[in-house]
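These notes concern the structure reproduced below.
No value in this document is a laboratory result; all are computed from the given coordinates. Computed from a predicted structure; not experimentally measured. Here Cβ is always computed from backbone atoms with ideal geometry, including for glycine, and neighbour counts include all displayed protein chains.
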Amino acid sequence: MQLPALHKFEQTIERQLRLLELKKTVIERNIGRQFRLLEQKRDDFGKKIEEQIRQFEQKRGIRLDDEVRFLRSWIERPLSIGAVTPSSKVLARTMARYVDPDSDGPVVELGPGTGPVTEALVKAGVAPSRLVLVEFNPAFCRILRARYPDATLVQGDAYSLRRLLETLLLQPAAAVVSGLPLVTKPIKMRLRLLRDAFDLMLPGAPFVQFTYSVASPLPRRLAGFSVEASERIWLNLPPARVWVYRKA
Ligand SMILES: C[S@@+](CC[C@H](N)C(=O)[O-])C[C@H]1O[C@@H](n2cnc3c(N)ncnc32)[C@H](O)[C@@H]1O
C-alpha cells in the first residue's frame, strides 16, 4: 500500500473506532437507564403490594407482621430469601418431627427467617437454650432475638458454617435444620455445607432440609449417606417437601 493510501486507511479505522466507542457509551447508558427503570418498577411493585396488605389487614382487623416483613425482604433480595411467605405450620411441624427433643446437644437452625420452624421445634419440646440460629438478614435477626432470647443467635452466612460454629458449639449438634434456599447455590457449595454440617454433628444426627423443588436439593445417592423424604406438603405456599440426610 502506498503511503497516502495507508494514511487514509488509518483515518478510516480511527473513525470506525470512535463510532464504536460512541455506540458503546450509548448502549451502556441505555442499559443503565433500563436497570434504573427496573429498580423503580420493583420498588413501586413492592409499595403496591404492601399497601394492599395494609388494606387487607384493616378490613379484616388482623396484622400480618411476619408475612409483610418476609415479603419486603423477598422484594429486596428474592434469591437469598427464596420464599415469598414464611413456612406454614404444617411444614414447620414436619421439619420439627425429624428432631428428637430428648437427644443431647445443640440443635442448629440455618435460615430461620421469622421463626416458624423455630417455634415448631420449641413446641415439639426442644429447649430454646439448645437452639443455635444462623440467619444473615438483620431484620429477621431482630425478630428472632426478641422472640427467642434464650437461643444463641449468629448473624452470618450459613455457607461459612465451619468458621461460624467451630468454636461456638461446645458439643456436637443433635440436628441441623435448614430453611436455606439451597437450590439457588451451585451443587459444590451445597455439598460443602452438608460436609461442614456433618463435621459438627453427632453420628446418625439428621440434616433436615425443606425444598419447593421436585427433586432432592442434594444428590439422592450420596456415598455414605442415607436419604429419606416426607410426603409433599400441600398446605404451604408453594407446596414443599422435607428431605432428611444422615451419615450412615
Ligand atoms: C426460604 S426462607 C425460610 C425461612 C424460615 N425458615 C421459614 O421456614 O419460613 C430462607 C431463609 O434463609 C435465610 N438465608 C438465606 N441465605 C442465607 C445464608 N447464606 N446464611 C444465613 N441465612 C440465609 C434468609 O434470610 C431466609 O430467612
**Prompt:** So how tilted is helix 65-76 from the main axis of the chain? Cα-based, degrees 0 to 90, rounded to 10.
**Reply:** 30 degrees
**Item:** Principal-axis tilt of helix 187-199 within the chain, Cα atoms, nearest 10 degrees
**Value:** 30 degrees
**Asked** What are the residues whose amide H is under 5 Å from the amide H of Ser178, where those residues sit 5 or more places off or on another chain and H is modelled from the backbone?
**Response** Leu110, Val208, Gln209, Phe210
**Prompt:** What dipole magnitude, in Debye to the nearest 20, does region 1-158 give about its Cα centre under +1 on Lys/Arg Cβ and -1 on Asp/Glu Cβ?
**Reply:** 800 debye
**Complete:** Quick calc, region 172-221, dipole around Cα centre from Cβ unit charges on Lys, Arg (+) and Asp, Glu (-), nearest 20 debye, gives 260 debye
**Asked** Can you tell which of Ser213, Leu22, Phe9 lies farthest toward the positive end of the dipole of the chain, using +1 and -1 charges on the Cβ of basic and acidic side chains (Lys, Arg; Asp, Glu)?
**Response** Phe9
**Request:** Could you state the angle between the C-alpha long axis of helix 138-147 and the longest principal axis of the C-alpha atoms of the chain, as a value from 0 to 90 degrees rounded to the nearest 10?
**Result:** 10 degrees
**Message:** Whole-Hz ³J(HN,Hα) for each residue in region 111-123, computed from phi via Karplus 6.51 cos²θ - 1.76 cosθ + 1.60 with θ = phi - 60°, x for glycine and proline: what do you get?
**Reply:** x, x, x, 8, x, x, 6, 4, 4, 5, 5, 5, 5
**Asked** Packing-wise, with mean Cβ within 10 Å as the measure, how do 205-211, 26-32 rank, highest first?
**Response** 205-211, 26-32
**Asked** Most mobile of Pro219, Pro186, Pro128 per a Gaussian network model of the chain (Cα springs, under 10 Å)?
**Response** Pro186
**Request:** May I ask you to derive the FRET efficiency for Gln52 and Glu228 from their Cβ-Cβ distance with R0 = 51 Å, giving the value to the nearest 0.05?
**Result:** 0.80
**Prompt:** Using Cα pairs under 8 angstrom and six or more residues apart, how large is the relative contact order of region 168-248, in percent?
**Reply:** 32 percent
**Message:** Please check: in the Gaussian network model of the chain (C-alpha springs, under 10 Å), which one of Leu165, Leu222, Leu153 has the largest mean-square fluctuation.
**Reply:** Leu222
**Request:** Could you pull out every residue, at least 5 positions away or on a different chain, whose amide H is within less than 5 Å of the one on Met201? Hs are placed 1.01 Å off N in the peptide plane, and Pro or chain starts have none.
**Result:** Ala173
**Asked** Along the charge dipole of region 1-144, which of Ile75, Ile31, Met95 sits closest to the positive end, that is, farthest toward it, with unit charges on the beta carbon of Lys, Arg, Asp and Glu (+1, +1, -1, -1)?
**Response** Ile31
**Message:** Running a GNM on the chain with Cα contacts under 10 Å, which residue among Glu228, Glu109, Glu14 ends up with the highest mean-square fluctuation?
**Reply:** Glu14
**Message:** Explain nothing, just the number: relative contact order of the chain, from Cα pairs under 8 Å at least 6 residues apart, as a whole percent.
**Reply:** 16 percent
**Prompt:** Considering only DSSP states other than H, G, I, E and B, which trypsin sites (Lys or Arg not before Pro) in region 178-248 qualify as loop sites with at most 16 other Cβ atoms within 10 Å?
**Reply:** Arg220, Arg221, Arg232
**Item:** Centroid-to-centroid separation of region 173-217 and region 95-119 [C-alpha atoms, Å]
**Value:** 13 Å
**Asked** What are the residues whose amide H is under 5 Å from the amide H of Phe225, where those residues sit 5 or more places off or on another chain and H is modelled from the backbone?
**Response** Ala248
**Computed over region 110-191: relative contact order in percent, which uses C-alpha pairs under 8 Å that are six or more apart** = 32 percent
